Amino acid sequence: MVGRLPRDPAPWGERRDRALGNSVLRGNIRSVTRRLADARRRAYASYPASQVLRVAGRDAKRRAVARVEPLLDELRDRLAANGARVIFAEGPKEVADYVVSLAARRGAKRVVKSKSMLTEELDLNRRLAVAGLAVRETDLGEYIIQLLDEHPSHILAPAAHRNRQEIHALFQETAEREGVPGPTSDDVGPLTAFARQRLREDFLAADIGITGANFLVAETGTIVLVTNEGNADMVASLPPVHVVIAGIDKVLDTWADLAAVIQQPALSGVGQRLSAYTTLISGPRAAGSPEGPEELHVLLVDNGRRQLVDGPYADVLTCIRCGACYNVCPVYRQVGGHAYGSTYAGPIGAVETPLLAGLDFLPELPKSLCTLCNACVEACPMDIALADHFITLRRRQVGEGREAAGTRLTYRAWGRLWSSPRQYQRFVSWARRGQRFMMRQGRLVRSPGLWAGWFETRDMPPIAPETFHEWWARRAPSGKTPS
Amino acid sequence: MERVDLFVSCLVDLFEPETGRAAVAVMERRGAQVGFPSGQTCCGQFAYNAGHWPEAWAMAKALLAALDAPPTPGPDGQERATVGLSGSCVAMVREEYPKLLDWAAGQPGWDTSWRVRHARVAGRLWELSQWLNRAAPAPSAHQDTRPTRVVLHTGCHMRRVLAAGGDAAAVLEGLGVSVATPEDEDQCCGFGGTYAMNEPKISTALADDKLRALRATQADAMVSCDWGCLLHLGGRLSRTGVAWSVLHLAQLVDLADRGELAPAQLARAGRFVREVP
């Protein structure tokens, strides 16, 4: 069953032009992606075991996806035995309904959250707000974009499109509105201190804490959270109720598998050998324990994932959301994440979004957001065949007739002419005759049909007076090079 | 004497035949007997990448048949190689055709012998700089003592799919040419086959970034093993009124062989050297 993802109602051309026209955004994205990509390269180069570990982690993820249903059952049983409530949820509505009714039962009003791309995918904040709940994002980047009423532009660094000056102005404005002292400067220290101060109050007042999960270990029934800020620990331990919302793709088989992959989010994401905080949760507060939530609810969400398990795109489910592919993608570096039009951007987003939500959903993603440079393939620690997926998604779109008739006919004619040497020669003589009307100063400056886009911004040399084929034919009989 | 069949690529054939002629001269100077399988047109990569696989498969079959044809005159038993003048097209035949073959195996009219033919063709197919690095060196006439500096743009398929990213630089260094390294050198130039036509705005933004980095090296010329990237970047130079010498590696090696590699000569040698007002 396909999933439901949020989408920007603006058409692709508008989203693209908005991004390309925003030089501040492009500068911010460029500097963040370059910094993260360089950090990853340095971390791998200085860590002799990195490749061996990466492959072991990849294999652990692949094994888990191949056996996802029995592993989910095992996980559910273990977590239930530890006192957690485990729920299989289909999509956005089921998840939101569950949280809303839980809040009603508990009389809860305030929710704190740690970073979760899945809840972005489920548009959960909006749904909870509609139900009257006050939701506070506590990851620094998520806090920033929540104040801005924006969505994440990067899977790992949600506010990557904003710079320090912009964040300083935002916090000043927030401070004035809330009647508290603002940050003393736009340095990282004072900005972080302001956010920490504001968030502390939210942590202490919250009735429900919502986190995602980076990994779920079936063997031990463990929820694993990886952060660099420590906010997830607060979200998971201070409020009386903890709700984990995780995709079914997060499950791993064994504790050894977790050990194999645990470094990868930080190593491939930010170039650290391990995240600053790695949190392992196995259940609610045990009897006699002084701390921890009274209730633990674990929602295991499908939203279009199950349909991929047995198909050619199953490796997409091994994604660990490190963002390495975003950081090296030339197109992402130009337009940033919002241009993609839904929750996930970068190479994995352009591939995964139509797979989760159906080929009709943002159909421009496979075609317009990838030059097939393969930088993502090189960067992905899980070896997801992103470039192949781009091409086969395009093939499926073409095969299902989702392309303009003119384009289809052009390719058909092009393919027919060029797959026969004789027809190819005929094409050359037609093109030579036609190109006379498209030249200026000896260069091609315009063209009809499929090729028109080229000439919006670039020239081309004309077809040569003598092609290599023609030259060779003239040379061949004697075997001598003609003058 | 090694027999070498030339696989020129459609872009060289149609737009830059001088590169093909330079390659013939370069390979003959290194003792190769050069042949040209005349049935070749295009590897079909543009259609393959755009998702038009029936068309790509038709072109792939034509190319495999051409490159697998028995050699035209030449004694039997000779060692034989095929040399391609595009890193991207060589990567297509060697690394992507197997995926196309797997798909075609499920289509009507499939003939298993295509796998055999592909294995034969792919097994002896090299990109020009790969071949040059293992060929006997030519008696190079390059004696100019003034340093000639070029900037090398390595196409993404050559770098990442063919994994031959270092080969062209090795060829240039062997010729005594100094190779400048641009900032973000492994970043895509934005060509991407039909991507350049489908998404001209993003493609051009990438070209402008790439050109800024390449031009910042102040090299005498820009060199690549792929006319796809070069026509895109050069076409952008042309449209923005910038003149620069843009050459394929084969042309640069040919100039070196002929002792015409002084910076002033190089600056006049390539495509896009004339400013268009």
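Results for (1) within 15 Å of the chain's Cα centre (by Cα); (2) within 14 Å of another protein chain (Cβ to nearest Cβ); (3) in contact (Cβ under 8 Å) with a residue 40 or more places away in the chain, shown as yes or no for each residue.
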| position | (1), (2), (3) |
| --- | --- |
| A:Glu295 | no, no, yes |
| A:Asp302 | no, no, yes |
| A:Ile320 | yes, no, yes |
| A:His338 | yes, no, yes |
| A:Gly341 | yes, no, yes |
| A:Cys376 | yes, yes, yes |
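Which residue pairs have Cβ atoms under 9 Å apart, sit 6 or more places apart or on different chains, and have a first residue in segment A:459-475 that is more than 7 Å from chain B (Cβ to nearest Cβ) and a second that is open to solvent by 10 Å² or more (accessible area, probe 1.4 Å) and acidic (Asp, Glu)?
From residues that are more than 7 Å from chain B (Cβ to nearest Cβ), the pairs are A:Arg474/A:Glu466.
Pick from A:Arg422, A:Arg412: which is open to solvent by 70 Å² or more (accessible area, probe 1.4 Å) and either touching a Ser or Thr at 6+ places or on another chain (Cβ under 6 Å) or within 8 Å of another protein chain (Cβ to nearest Cβ) (or both)? If you could, list the steps in order and put the result at the bottom.
Numbers: A:Arg422 fails: either touching a Ser or Thr at 6+ places or on another chain (Cβ under 6 Å) or within 8 Å of another protein chain (Cβ to nearest Cβ) (or both).
Sole residue among the options that is open to solvent by 70 Å² or more (accessible area, probe 1.4 Å) and either touching a Ser or Thr at 6+ places or on another chain (Cβ under 6 Å) or within 8 Å of another protein chain (Cβ to nearest Cβ) (or both): A:Arg412.
Among the residues of segment B:145-168, write down those that are open to solvent by 10 Å² or more (accessible area, probe 1.4 Å), among the hydroxyl-bearing types (Ser, Thr, Tyr) and farther than 19 Å from B:Val90 by Cα.
Listed by number, the list holds a single entry, B:Thr145.
This table checks each residue for (1) among the acidic types (Asp, Glu); (2) under 17 Å from A:Ser116 (Cα atoms).
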| position | (1), (2) |
| --- | --- |
| A:Asn231 | no, yes |
| A:Leu238 | no, no |
| A:Val243 | no, yes |
| A:Asp249 | yes, yes |
| A:Asp253 | yes, no |
| A:Asp257 | yes, no |
| A:Ala260 | no, no |
| A:Gln263 | no, no |
| A:Leu267 | no, no |
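Please enumerate the residues belonging to segment B:262-274 that are more than 14 Å from chain A (Cβ to nearest Cβ) and either more than 20 Å from B:Thr154 (Cβ to Cβ) or part of a loop (DSSP other than H, G, I, E, B) (or both). Reasoning before the result, please.
Step one: of segment B:262-274, the residues more than 14 Å from chain A (Cβ to nearest Cβ) are B:262-269.
Result: B:Ala262, B:Pro263, B:Ala264, B:Gln265, B:Ala267, B:Arg268, B:Ala269.
Tell me, please, whether a residue that is part of a loop (DSSP other than H, G, I, E, B), farther than 24 Å from B:Met158 by Cβ, open to solvent by less than 10 Å² (accessible area, probe 1.4 Å) and among the aliphatic types (A, V, I, L, M) can be found in segment A:325-344. It would help to see each step written out before you state the result.
From segment A:325-344, those part of a loop (DSSP other than H, G, I, E, B) are A:329, A:336-337, A:341-344; that's our starting set.
When the remaining residues are screened for being farther than 24 Å from B:Met158 by Cβ, the result is A:336-337, A:341-344.
Then keep just the ones that are open to solvent by less than 10 Å² (accessible area, probe 1.4 Å); that gives A:336-337, A:341, A:344.
Filter once more, so that each one left must be among the aliphatic types (A, V, I, L, M): none.
No, there is no match, as no residue in segment A:325-344 is part of a loop (DSSP other than H, G, I, E, B), farther than 24 Å from B:Met158 by Cβ, open to solvent by less than 10 Å² (accessible area, probe 1.4 Å) and among the aliphatic types (A, V, I, L, M).
Only one of B:Trp110, B:Trp114, B:Trp103, B:Trp126 is more than 30 Å from B:Arg215 (Cβ to Cβ), open to solvent by 30 Å² or more (accessible area, probe 1.4 Å), in a strand (DSSP E or B) and modelled with pLDDT of 85 or more. Can you tell me which? Give the steps one after another, and end with the answer.
Values: B:Trp110 fails: in a strand (DSSP E or B); B:Trp114 fails: in a strand (DSSP E or B); B:Trp103 fails: in a strand (DSSP E or B).
Within the list B:Trp110, B:Trp114, B:Trp103, B:Trp126, the selection yields B:Trp126.
Please determine whether any residue of segment A:345-359 is in contact with a Pro (Cβ under 9 Å, 6 or more places away or on another chain), within 14 Å of chain B (Cβ to nearest Cβ) and surrounded by fewer than 22 Cβ atoms within 10 Å (Cβ to Cβ).
yes
Looking at A:Leu274, is it assigned by TED's automatic domain parsing to the domain that holds A:Phe215 and surrounded by fewer than 22 Cβ atoms within 10 Å (Cβ to Cβ)?
Numbers: assigned by TED's automatic domain parsing to the domain that holds A:Phe215: yes; surrounded by fewer than 22 Cβ atoms within 10 Å (Cβ to Cβ): yes.
Taking the combined requirement at face value, the residue satisfies it.
Where in segment A:151-263 are there strands (runs of 3 or more DSSP E), lying wholly inside it, with at least 2 residues that are polar (S, T, N, Q), open to solvent by 10 Å² or more (accessible area, probe 1.4 Å) and in contact (Cβ under 8 Å) with a residue 60 or more places away in the chain?
Working: elements: A:208-211, A:215-217, A:222-227, A:241-247.
Ranges flagged: none.
Of all residues in segment A:110-135 being out of contact with any Leu (no Cβ under 7 Å at 6 or more places or on another chain) and of a type in the set (D, E, K, R), which is least open to solvent (accessible area, probe 1.4 Å)?
The extreme case among them is A:Lys113.
Being within 10 Å of chain A (Cβ to nearest Cβ) and of a type in the set (A, V, I, L, M, F, W, C) is the filter here, so list the residues in segment B:150-162 that pass it.
The initial filter retains those residues of segment B:150-162 that are within 10 Å of chain A (Cβ to nearest Cβ), namely B:155-157, B:159-161.
Those that are within 10 Å of chain A (Cβ to nearest Cβ) and of a type in the set (A, V, I, L, M, F, W, C): B:Cys156, B:Val161.
On the basis of being crowded, with 22+ Cβ neighbours inside 10 Å and more than 8 Å from chain A (Cβ to nearest Cβ), does B:Val34 make the cut?
Details: crowded, with 22+ Cβ neighbours inside 10 Å: no; more than 8 Å from chain A (Cβ to nearest Cβ): yes.
Judged against the criteria, B:Val34 is not a match.
At pLDDT 95 or above, more than 9 Å from chain A (Cβ to nearest Cβ) and either open to solvent by 10 Å² or more (accessible area, probe 1.4 Å) or closer than 14 Å to B:Ala81 by Cα (or both), is that true of B:Phe7? Give the derivation first.
On the way: at pLDDT 95 or above: yes; more than 9 Å from chain A (Cβ to nearest Cβ): yes; either open to solvent by 10 Å² or more (accessible area, probe 1.4 Å) or closer than 14 Å to B:Ala81 by Cα (or both): yes.
Judged against the criteria, B:Phe7 is a match.
The values are calculated or read from the model by the stated rules, or taken from the named source; none is laboratory data. No experiment lies behind these values; they were computed from the predicted model shown. A quick note on method: Cβ atoms are made from the backbone with ideal geometry, for glycine too, and the neighbour counts reach across all protein chains shown. Please note that ligands, DNA and RNA were not included when accessible areas were found on the heavy atoms of the full protein model with its side chains. Shrake-Rupley method; radii C 1.70, N 1.55, O 1.52, S 1.80 Å.
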